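The values are calculated or read from the model by the stated rules, or taken from the named source; none is laboratory data. No experiment lies behind these values; they were computed from the predicted model shown. Every residue, glycine as well, gets a Cβ built from its backbone with ideal geometry; the counts of neighbours run over all protein chains shown. Quick note on the areas: whole protein, heavy atoms, side chains included, nothing else; ligands and nucleic acids left out. Shrake-Rupley method; radii C 1.70, N 1.55, O 1.52, S 1.80 Å.
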Amino acid sequence: MRIINARDYEHMSRQAANIISAQVILKPSSVLGLATGSSPIGAYRQLIEWYGKGDIDFSAVRTVNLDEYVGLGPEDEQSYARFMRKNFFDSVNIDLKNTSIPDGLNGDAEGECKRYDKLIASLGGIDLQLLGLGPNGHIGFNEPGESFTKGTHKVRLSKATVEANRRFFTDGRAVPEYAYTMGICDIMQARRVVMVVSGRAKAEIVREAFTGPVTPRVPASILQLHRDFTLVADEEALSLI
Ligand code: GLP
């Protein structure tokens, strides 16, 4: 594992965007695994800026997102599908047909999860997976548990995650209790993994995940075993290691 020590959120975002941009320049048809949350927004903003300057071309890129809330459709303001269009897809020349997100409206959980894993396989796997870090150590929506998860699955969100994500549901609606998420195996099979983390509030979980034992109780800790994992974090997030 490699750690890139960034000064602050903006610097972290530029460093992560640099890695993503190098990936796309070297392999224009890259399969990018993408993430939501506030952590990757700065990297998306930077990529949009470089796209605007003509430095990066997304026309052949394919993307697969980590997760989606069960019950929210792509037009729902709080859905991750909408988040991706608003924060990235609508501002670059990515073909929406080449973007995939689990279908939160598919009530057939088993069918949807199988479909998503087949889709990832049909793309040849993920070249670069971008991740944030949940306050309880979750990646995607892989919550702390007794064992590491395998493929895409339906998950009941922990109380901590529902609380942490409440800030996005500003219209007073309840945070969905369930989500579809890629599994730990899907993430570990990505050829390269890049995680962005910032802020003092994440320092303790960063310490646990990357200097503690590898355990399903801290899902991100498995990344210590990934062959090409880069943690891009700011000074505050790294302050305890
Ligand atoms: C959500 C997402 C995760 C993300 C996490 C952290 O739970 N499912 O993929 O990493 O939030 O979000 P933030 O970056 O806003 O702290």
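If the cut-off is a Cα-Cα distance under 23 Å, which lysines reach LYS27, setting aside same-chain residues fewer than 8 apart in sequence?
LYS53, LYS97, LYS118
How big is segment 12-111 in terms of Cα radius of gyration and Dmax, in angstroms?
13.7, 43
Mind checking which of ASN165, ASN106, GLY145 is farthest towards the positive end of segment 104-193's charge dipole, using Cβ charges of +1 (Lys, Arg) and -1 (Asp, Glu) about the Cα centre?
Toward the positive end, the furthest listed residue is ASN165.
Before I look further, what does segment 105-190 give for accessible area per residue, probe 1.4 Å, in whole square angstrom?
48
Quick check: at a probe of 1.4 Å, how many percent of the accessible area of segment 1-53 sits on carbon and sulfur atoms?
53
Rule-of-thumb check for segment 76-118: C-alpha Rg over 2.2 N^0.38 Å?
Expressed relative to 2.2 N^0.38 Å, the Cα Rg reads 1.30.
Quote to one decimal, in nm, the extra length available between ALA121 and ARG45 on full extension: 0.36 nm per residue of separation minus the C-alpha distance between them. Don't jump to the answer; show the numbers that get you there.
On the way: separation 76, 0.36 × 76 = 27.36 nm, distance 2.87 nm.
Answer, rounded to one decimal: 24.5 nm.
Please calculate how many Å² of accessible area segment 191-230 carries per residue, with a 1.4 Å probe and no DNA, RNA or ligand atoms counted.
42
Would you be so kind as to identify which of TYR9, LEU123, GLY52 lies farthest towards the positive end of the dipole of the chain, taking Lys and Arg as +1 and Asp and Glu as -1 on Cβ and the Cα centre as origin?
My answer, from the dipole projection, is LEU123.
Suppose R0 equals 22 Å. What FRET efficiency, 1/(1 + (r/R0)^6) with r the Cβ-Cβ distance, do LYS97 and ASP171 give to the nearest 0.05? Mind showing how you got there, number by number?
Numbers: r = 30 Å, r/R0 = 1.37.
Result of the calculation: an efficiency of 0.15.
Between LEU26 and TYR178, what length comes free when the chain is fully extended (0.36 nm per residue of separation minus the Cα-Cα distance, one decimal in nm)?
Full extension of this stretch gives 51.0 nm more.
Quick one: net charge around SER30, please, counting Lys, Arg +1 and Asp, Glu -1 for every other residue with C-beta under 15 Å from its C-beta.
Result for the local shell: 0.
Quick one: Cα convex hull volume of segment 148-241, Å³ per residue?
Hull volume over Cα atoms, normalised by residue count, gives 111 Å³.
Rounded to the nearest 20 Debye, what is the dipole magnitude of the chain about its Cα centre when Lys and Arg each give +1 and Asp and Glu each give -1 at the C-beta?
So the dipole magnitude of the chain works out to roughly 380 debye.
Let me make sure I get this right: for the chain, a, b and c are the square roots of the gyration tensor eigenvalues over alpha carbons, sorted descending. Under 1.5 in a/c it's rounded, otherwise prolate if a/b > b/c, else oblate. Which is it?
Taking the square roots of the gyration eigenvalues as a ≥ b ≥ c, the chain is rounded.
Which aspartates and glutamates, if any, have their Cα less than 15 Å from the Cα of LYS159, not counting same-chain residues under 8 positions apart?
Partners within reach: GLU143, GLU177.
Return the carbon/sulfur percentage of the accessible area of segment 72-196, one whole number, probe 1.4 Å, all protein chains in place.
Details: 2990 of 5760 Å².
Answer for segment 72-196 is 52 percent, counting heavy atoms of protein chains only.
Roughly how far apart, in whole Å, are the Cα centres of segment 113-162 and segment 8-63?
Between the Cα centre of segment 113-162 and that of segment 8-63, the gap is 21 Å.
What percent does the relative contact order of the chain come to when contacts are Cα pairs within less than 8 Å and at least six residues apart?
Once normalised by length, the contact order is 26 percent.
From Cα pairs below 8 angstrom and at least 6 apart in sequence, can you work out the relative contact order of segment 146-232, rounded to a whole percent?
RCO, segment 146-232: 32 percent.
Helix-only mean residue ellipticity at 222 nm, the chain, DSSP H runs n ≥ 4 weighted -39,500 (n - 2.57), per residue, nearest 500. What is it? Walk me through the intermediate numbers first.
On the way: 7 runs with 73 residues, N = 241.
Value at 222 nm, helices only: -9000 deg cm²/dmol.
In debye, nearest 20, what is the charge dipole magnitude of segment 1-110 about its Cα centre with +1 on Lys and Arg Cβ and -1 on Asp and Glu Cβ, if you could check?
580
Among ASN87, LEU32, VAL214, which residue has its Cα furthest toward the positive end of the charge dipole of the chain, with +1 on Lys/Arg Cβ and -1 on Asp/Glu Cβ?
Going by the charge dipole, the pick is VAL214.
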